Amino acid sequence: MLKKLSAALAAGLLASVLAACGGGGEDTASGGEAGSGKIVLGFSQVGSESGWRAANTKSVKDSAATAGIDLKFSDAQQKQENQIASIRSYIQQKVDVIAFSPVVVTGWDAVLKEAQAAKIPVILTDRAVDSDASLYATFIGSDFVKEGEEVGKWALEEFKSATGPVNIVQLEGTVGSAPAIDRKKGFEATIASNPNLKVIASQSGDFTRAKGKEVMQALLQANPKIDLLFAHNDDMGLGAIEAIKAAGLKPGTDIKIATIDAVKDGMTALAANEINFIAECSPLLGEQLMELTKKAAAGEPLEKRIVTKETTFTPQQAAEVLSTRQY
Ligand code: GZL
């Protein structure tokens with residue numbers, strides 16, 4: 001009897017050690033222990049690549065604490081394999097709900113099927129996947145095509161009286177990510193109505209300030225005349241501003257700049273006319289995510305797609321709201 005008991009204890013201990021070793025950054029539980037009666041949510045975050053991501057992580061953690069939800073959180077350092085490992089560890093831990101922001105669009109079918117087989121509902125936040133919608137409970141996030149269209153509409157207006165070519169360079173987000181794919185799609189489809197507006201170069205800056213600066217330095221050397229930079233997020237735009245200044249040019253004047261996100265640093269540059277236009281992409285998804293988590297845990301049906309409400313900002317509008325921004 002004693003032998004059987006110790007073998008069972010050892011097996012249980014091994015399973016819990018394995019389950020805690022999800023990939024990527026450490027898993028941090030922010031609520032009560034298993035069996036505390038609290039809903040347990042396993043969340044896999046893309047990484048910590050931008051100001052937007054930091055604000056999104058804060059929103060998720062703060063909202064879980066406010067909602068009394070036991071949050072297990074992992075940072076994938078922008079690696080899909082780490083997200084998949086974390087999701088598998090949440091399945092092994094038998095959490096009530098899994099949520100994640102998929103770093104890229106493809107490659108999720110297998111792990112989503114494993115979660116479905118374990119009867120754990122999955123909520124996509126922020127970014128989409130190309131898996132069949134039957135494999136997840138709902139997707140809450142922005143309409144990235146619309147964000148790209150908003151920037152395109154601003155560019156058409158800004159350069160409507162141009163009589164010659166308007167040379168545009170584009171700093172794209174993480175390769176293969178939904179925001180990079182869809183922002184590019186929305187922007188380029190919109191500016192196509194004015195043949196003067198030409199994207200002469202388009203390259204990924206991986207949503208980071210450092211990479212945005214590095215790529216913009218190369219683009220400035222290769223292209224003597226750049227009229228507009230469209231950066232898929234504020235952070236890459238802010239990195240590009242450093243490169244533009246180092247090249248002896250005035251950002252927002254010599255080269256017009258449009259970005260997406262509207263985080264504090266981006267809005268500060270916009271208010272200072274170093275950026276000329278920002279389309280908002282709200283990271284404050286935490287509160288809605290917790291409401292959806294409670295419904296999913298209760299087995300309630302969820303609408304398949306929840307789009308976050310967003311706006312756009314000019315320098316004047318940024319100056320007016322800067323002091324009241326939450327992120
Ligand atoms: C958009 C989000 C993007 C932001 C970037 O919802 O996925 O990732 O625009 C962030 O700042 O890195």
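The values are calculated or read from the model by the stated rules, or taken from the named source; none is laboratory data. Treat the numbers as computed from the prediction; the structure is a model and nothing was measured. All Cβ positions, glycine included, derive from the backbone under ideal geometry; neighbour counts span all protein chains shown.
Couple of notes before you dig in:
- Residues in the stretch 85-110 that are outside any loop (DSSP other than H, G, I, E, B) and crowded, with 23+ Cβ neighbours inside 10 Å: 86, 87, 90, 97, 98, 99, 100.
- Some residue of the stretch 286-303 being closer than 30 Å to residue 137 by Cβ, of a type in the set (Val, Ile, Thr) and in a strand (DSSP E or B): no
- Per the listing 262, 269, 243, 247, the residue uniquely surrounded by fewer than 17 Cβ atoms within 10 Å (Cβ to Cβ) and at pLDDT 95 or above is 247.
- Among the criteria (1) over 10 Å from residue 42 (Cβ atoms); (2) within 13 Å of the ligand (Cβ to nearest atom); (3) touching a strand residue (DSSP E or B) at 6+ places or on another chain (Cβ under 9 Å), the one residue 100 does not fulfil is (1).
- Qualifying positions in the stretch 41-67 - more than 14 Å from the ligand (Cβ to nearest atom), surrounded by 21 or more Cβ atoms within 10 Å (Cβ to Cβ) and outside any strand (DSSP E or B): 64
- Residue check, residue 317 without any contact (Cβ under 8 Å) to a residue 40 or more places away in the chain and either in contact with a Cys (Cβ under 8 Å, 6 or more places away or on another chain) or outside the structural domain of residue 221 (by TED's automatic domain parsing) (or both): yes
- Breaking point among (1) surrounded by 14 or more Cβ atoms within 10 Å (Cβ to Cβ); (2) within 27 Å of residue 129 (Cα to Cα); (3) at pLDDT below 50, for residue 70: (3)
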